[in-house]
Amino acid sequence: VLEASARQQERMKGLRPIAELAGDSLRRAVDLTQEADRMLKLAFDSLGVSLRAHDRILKLARTISDIEQSDLVEAEHIAEAVGYRSLDRNLLTL
């Protein structure tokens, strides 16, 4: 986790941290593969998540990719983040 944090700090050097970004600023700061971008759009359209949830998924996927030492957010990072988001929704209905 410390390595992922250091990786993120180095990447965002001189810029605001990912956690503080939203909207277009966030989307410009996160590099997605084409497949990851398609998966995120599909999740947004098919699951009916809000823009706020979209941004949370994107931030979480970026963190997951940092933990895995990946320069790009891959489809599997999006899938994992969406899975965690689904868990959150299921817990809220209990």
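Filtering region 1-50 to residues that are assigned to a loop (DSSP other than H, G, I, E, B) and within 24 Å of S86 (Cα to Cα) leaves V1, L21, A22, V30, D31, T33, G48, V49, S50.
For (1) touching a residue at least 12 places away in the same chain (Cβ under 8 Å); (2) in contact with an Asp or Glu (Cβ under 9 Å, 6 or more places away or on another chain), each residue gets a yes or a no:
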position	(1), (2)
Q9	no, no
E20	no, no
A29	yes, no
L40	yes, no
S46	no, no
L51	yes, no
L72	yes, yes
V82	yes, no
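What about S46, is it out of contact with any Pro (no Cβ under 7 Å at 6 or more places or on another chain) and either more than 20 Å from E20 (Cα to Cα) or aliphatic (A, V, I, L, M) (or both)? Answer is yes for this residue. Answer with yes or no whether L51 is exposed (fewer than 13 other Cβ atoms within 10 Å of the Cβ) and touching a Gly at 6+ places or on another chain (Cβ under 9 Å). In short, yes. Scanning region 56-82 for residues that are under 17 Å from I18 (Cα atoms), part of a helix (DSSP H, G or I) and open to solvent by 20 Å² or more (accessible area, probe 1.4 Å) yields a count of 5. Pull up region 1-40, narrow it to residues that are of a type in the set (D, E), within 15 Å of the chain's Cα centre (by Cα) and over 14 Å from H54 (Cα atoms), then point me to the one that is surrounded by the most Cβ atoms within 10 Å (Cβ to Cβ). Ranking the qualifying residues of region 1-40, first place goes to D31. Which residue, of L94, L87, is assigned to a loop (DSSP other than H, G, I, E, B), open to solvent by 90 Å² or more (accessible area, probe 1.4 Å), farther than 20 Å from V1 by Cα and modelled with pLDDT under 95? Within the list L94, L87, the selection yields L94.
The values are calculated or read from the model by the stated rules, or taken from the named source; none is laboratory data. Given the structure is predicted, the values throughout are model-derived calculations rather than measurements. Neighbour counts are summed over all protein chains in view; Cβ atoms, including those assigned to glycine, are modelled from backbone coordinates with ideal geometry. Accessible surface is based on the protein model in full, side chains and every heavy atom, while ligands, DNA and RNA are left aside. Shrake-Rupley method; radii C 1.70, N 1.55, O 1.52, S 1.80 Å.
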